[in-house]
Amino acid sequence: MQLILLGPPGSGKGTLAADLEELYRIPHISTGDIFRRNIREKTALGQEAEAYINSGDLVPDTVTIAMVDARLAQDDCRQGFLLDGFPRTLVQADALGRMPVLRNQPLTAVLNLVVRDETIIKRLSGRRMCPKCGRGYNIHSQKPAVAGICDDCQAALTQRADDQEETVLKRLQTYKEQTEPLIAYYREQGLLFDADNEGTIEACFQAVRQLLDDRLSRS
Ligand code: AMP
């Protein structure tokens, strides 16, 4: 199964991806996670990407495409993959279509997560993370027992630099300008499926699961 998760920042792509990865046993490839790992490890790629990410801009296409091309060429992608956060521009979508991995395994579906702007802003600016164990929290909906402290390892919770409200607004604008055109691009190819994610992630997961099972049984 070759899947793309499309949707604005904060639409729940990462959370849904973790569930789909487990269900379909395909690697979850998040370009945002790969960039953040490179920033933490202070690699040349991380140093190149950091300023773009912290200001809510996209990392240039050439850098991002080369990174994804290398990742999709790895053996674990031969049975399928789940792309989260890529492609984000039409140039990236065209490049993906030409990558060798898609020659024998065409895209199964592009899932477009639909969430209102107000919900996104609240979700992202309330998001916190434990720097030690990686557990995610939200000051509105998934509070820790003690404010600002991880329930599991008692470390002080942190906020992603690009989750500050001003940067969230910039990321949303970037999404509308550069990524939203992909909805029409994949709809024209008959690959796009909308999935509402205003409610619980469990409801969204079940709806997506149904949709993918229907699609697989028809192919
Ligand atoms: P994410 O975790 O998916 O929200 O990504 C965080 C940030 O990484 C984005 O705001 C971009 O700056 C950068 N990024 C992730 N994926 C891409 C991509 N496909 N193209 C360009 N920049 C990206």
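The values are calculated or read from the model by the stated rules, or taken from the named source; none is laboratory data. Not measured: the values here are computed from a predicted model. All Cβ positions, even for glycine, are placed from backbone atoms using ideal geometry, and neighbour counts span all protein chains on display. For the accessible areas, the whole protein counts, side chains as well, though only heavy atoms, and no ligand, DNA or RNA atoms are used. Shrake-Rupley method; radii C 1.70, N 1.55, O 1.52, S 1.80 Å.
If you count only protein heavy atoms with a 1.4 Å probe, what accessible area per residue comes out for the chain, rounded to a whole Å²? Could you put the intermediate results ahead of the total?
On the way: 11400 Å² over 219 residues.
Ligands and nucleic acids excluded, the result is 52 Å² per residue.
I need the shape label for the stretch 79-154. Rule: rounded when a/c is under 1.5, else prolate if a/b > b/c, else oblate, with a, b, c from the alpha carbon gyration tensor.
prolate
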Original post:
If you find the alpha carbon centre of the stretch 73-93 and of the stretch 19-40, how far apart are they in angstrom?
Top reply: 10
Subject >> Sequence-distant residues sharing a close amide H with Ala195 (under 5 Å, placed H) >> reply: Asn112, Leu113, Val114
**OP:** Just add up the charged neighbours of Val59: K/R +1, D/E -1, any other residue whose Cβ is under 10 Å from the Cβ of Val59.
**Re:** -3
Original post:
If amide H atoms are built 1.01 Å from N in the plane of the peptide, which residues on other chains or at least 5 residues away come under 5 Å of the amide H of Asp151?
Top reply: Ala145
Subject >> GNM result for the chain, Cα springs below 10 Å: residue of Gln159, Gln92, Gln189 fluctuating most strongly >> reply: Gln189
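With r defined as the distance between the Cβ atoms of Ile139 and Lys42 and R0 fixed at 30 Å, what FRET efficiency is calculated, to the nearest 0.05? Each step should come with its number before you reach the end.
On the way: r = 30 Å, r/R0 = 0.99.
With a Förster radius of 30 Å, E is 0.50.
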Original post:
Hey, what do the phi angles of the stretch 126-134 turn into as Karplus ³J(HN,Hα) couplings, whole Hz, using 6.51/-1.76/1.60 and θ = phi - 60°, x for Gly and Pro?
Top reply: x, 6, 9, 9, 7, x, 8, 10, x
Subject >> Share of carbon and sulfur in the accessible heavy-atom surface of the stretch 1-125 [1.4 Å probe, %] >> reply: 49
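Let me spell out the model: positive unit charges on the Cβ of Lys and Arg, negative unit charges on the Cβ of Asp and Glu, origin at the Cα centre of the chain. What dipole size does that give, in debye rounded to 20?
280
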Subject >> Pairs beyond 18 Å (Cα-Cα), from Lys122/Lys170; Lys13/Lys176; Lys143/Lys170 >> reply: Lys143/Lys170
